[in-house]
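Below is one structure; the comments refer to it alone.
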Amino acid sequence: MKKLSARVTLFLLGIIDFFYPPFKGFFSLRTFRYAASGGGNVILGFLVYSICYSYLLKGQTLVLSFYAFKPHSASLLLSFCVTFPVGFFMSKFVVFSDSDIKGRIQLFRYLMICLFNLVLNYLLLKLLVERFNLFPVLAQVITVAIVVTFSYLAQRNFSFKASAKLP
């Protein structure tokens, strides 16, 4: 499994780093890698959300034995189930590979930040859809812009923080 993850990491870094030179003057390599991998994960999440909302749920409420989820909320949860493991892999191995924090601690911190982001996304989505009557997919685009900014700062400074190197 470690060989496979190393190969996937090298493959992804090769692709991402290939596109870095034109942006070299604007972003550090780490920030560019985060933008590229995070952007890819956001696109994946948006696709899963859209497919779930429009085709899987067909705009209908998802009724479980314990709760009825409105279609925009259920789509958000299903999207989270896909993007969480992808995002952790990309953050741990592609963006913040220099972090010396143990993997299980990184995973726990990443989960905490992601759950906070999920709640923030849920509340913003609920507000924009139910209070301001925005189309759910447009509302999700707006919430993503807000959540991504917070997420980068939290992941960089908390989940995958690299320890200060002593001289």
### Query
Once you mark the trypsin sites (Lys or Arg not before Pro) that are in a DSSP loop and have at most 13 other Cβ atoms within 10 Å, what is the longest gap between them in the chain?
103-164
### Query
If the chain between residue 9 and residue 100 were fully stretched, how many nm would it gain, using 0.36 nm times the residue separation less the Cα-Cα distance?
31.0 nm
### Message
Distance cut-off 18 Å, Cα to Cα: go down the list 2/92; 24/92; 3/161; 2/102 and report the pairs above it.
### Response
24/92; 3/161
### Task
Kindly express, to the nearest 10 degrees and within the range 0 to 90, the angle between helix 103-126's C-alpha long axis and the longest C-alpha principal axis of the chain.
30 degrees
### Task
Mind putting a number on the dipole of the chain about its Cα centre? Charges go on the C-beta only, +1 for Lys and Arg and -1 for Asp and Glu, and I need it in Debye to the nearest 20.
420 debye
### Message
Using a Cα-Cα cut-off of under 20 Å, which lysines could be cross-linked to residue 58, ignoring same-chain neighbours fewer than 8 residues away?
### Response
70, 126
### Task
Starting from the amide H of residue 134, placed 1.01 Å from N in the peptide plane, find each other amide H under 5 Å away whose residue is 5 or more places distant or on another chain.
129
### Task
Compute the acute angle (0 to 90°) between the alpha-carbon long axis of helix 71-89 and the principal axis of greatest extent of the alpha-carbon atoms of the chain; round to the nearest 10°.
10 degrees
### Query
Sorting 5, 91 on the 10 Å Cβ count, fewest up front, what's the list?
5, 91
### Task
Give a quick list of chymotrypsin sites (Phe, Trp or Tyr not before Pro) in the stretch 1-98 that DSSP marks as loop, anything other than H, G, I, E or B, with at most 11 other Cβ atoms within 10 Å.
19, 26, 66, 67
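Where a number appears in this text, it was derived from the coordinates with a stated rule and is not lab data. Given the structure is predicted, the values throughout are model-derived calculations rather than measurements. Note: ideal-geometry Cβ built from the backbone for every residue, glycine included; neighbour counts use all protein chains shown.
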